[in-house]
Amino acid sequence: MMYSRKGPLDTIQWGLNSSFGENREYIKLFSHPHLYAPFKPPAFSNILEEYTKEMRIVVDGLAKAISKTLGFEEKYIEKAFKLKSGFDVMSMNLYPVNSRTKGPFGFPEHTDPGFVIALTQDVDGGLQILSHQGKWINCHIPHHAILIQLGDQLEILTNGKYKSHIHRVTVDNIMVERISVVTLHGPSLHKVISPAKEFVDDEHPKKYHEVTYKESLEGNGLFGPIDLHSSIAELRLPQNLD
Ligand SMILES: O=C(O)CCC(=O)C(=O)O
Ligand SMILES: [Fe+2]
């Protein structure tokens, strides 16, 4: 396969994980600051270009809205994450129909790195979110809707005020193949992300280490973006575990 993984810096990558823990075929690509789109099929790159461009408009709007919910001026998040040169990754996932031998999960539990994550799907069902009470909730996304999830770097910046939630994908009892398109919108790779001073005081001590976005993506042993693992657990300061 042309886009089979060769190294962690591949800008476009295809993979097939078919094991008890994960059942997913995917194409991942870096989509910002530069879009790396496959040449084939011919119209695909135009569609990707349009989708990623429109999605960045949505993300800009979210950055403004979230800044305001935090009581700041609307450029606060954009500046804190240097979003204009933000590092985005697109992941297109295909989950097979469940078969007993393949186990119950399409994608095991995790949080996503970044600022916000946008998700669309072709058929409903499979995505589950862990509630505060520790219960898995089936996430139903209306047809043509875009689900927005919060990423680890927003949790770090707000010192835990906003949380990046744990989620997973089940394929258990799923009778149809499902495709999801996920775009992770992150800070600029070289931007140092730490809890902002506005969220830290005697009552709310710093809960996270200060690292660049790139370093936090490297946290799991490789330049993770294309494998995009969350490393928020390693970034939590031990004395503040709650
Ligand atoms: O496919 C899904 O519903 C979720 C995928 C996901 O969590 C991810 O790509 O980070
Ligand atoms: Fe995720």
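If neighbour count is taken as other Cβ atoms inside 10 Å, put Thr11, Thr183 in order from fewest to most.
In increasing order of surrounding Cβ atoms, one gets Thr11, Thr183.
Can you sort Lys161, Lys53, Lys197, Lys214 so the residue with the fewest Cβ neighbours within 10 Å comes first?
Final ranking by Cβ density, sparse to dense: Lys197, Lys53, Lys161, Lys214.
Can you list the HN-Hα couplings for region 139-155, worked out from phi with the Karplus curve (6.51, -1.76, 1.60; θ = phi - 60°), rounded to whole Hz and with x for Gly and Pro?
Each residue of region 139-155 in turn: 9, 9, 10, x, 3, 6, 7, 10, 8, 10, 10, 9, x, 4, 5, 6, 4 Hz.
Give a quick list of chymotrypsin sites (Phe, Trp or Tyr not before Pro) in region 23-64 that DSSP marks as loop, anything other than H, G, I, E or B, with at most 12 other Cβ atoms within 10 Å.
Hits after loop and neighbour filter: Phe39.
Quick check: net charge around Glu155, other residues with Cβ under 12 Å of its Cβ, Lys/Arg +1 and Asp/Glu -1?
Once all neighbours under 12 Å are counted, the net charge is +2.
For a quick check: sort Asp124, Asp172 by the number of other beta carbons within 10 angstrom, fewest at the front.
Ranking Asp124, Asp172 by Cβ neighbours within 10 Å, fewest first, gives Asp172, Asp124.
Per DSSP H run of n ≥ 4, the term is -39500 (n - 2.57); total these for the chain, divide by its residue number, and report the mean residue ellipticity at 222 nm rounded to 500 deg cm²/dmol.
-5500 deg cm²/dmol
What is the set of long-range amide H partners of Asp88 at a cut-off below 5 Å, with H atoms built 1.01 Å from backbone N?
Answer set, sorted by chain and number: Ser31, His32, Gly186.
Measure nothing but the geometry: give the 0 to 90° angle between the long axis through the Cα atoms of 44-69 and the longest principal axis through the Cα atoms of the chain, rounded to 10°.
Taking Cα atoms only, the helix is inclined about 30 degrees.
Compute the Cα gyration tensor for the chain, then decide on rounded, prolate or oblate, letting a ≥ b ≥ c be the square roots of its eigenvalues: rounded whenever a/c is under 1.5, prolate when a/b is larger than b/c in the other cases, and oblate in all that remain.
prolate
Readers should treat all values here as calculations from the given coordinates under stated rules, not as data from a laboratory. Everything quoted here is computed from the prediction, not taken from an experiment. Positions of Cβ are generated from backbone atoms using ideal geometry, with glycine treated the same way; all protein chains shown enter the neighbour counts.
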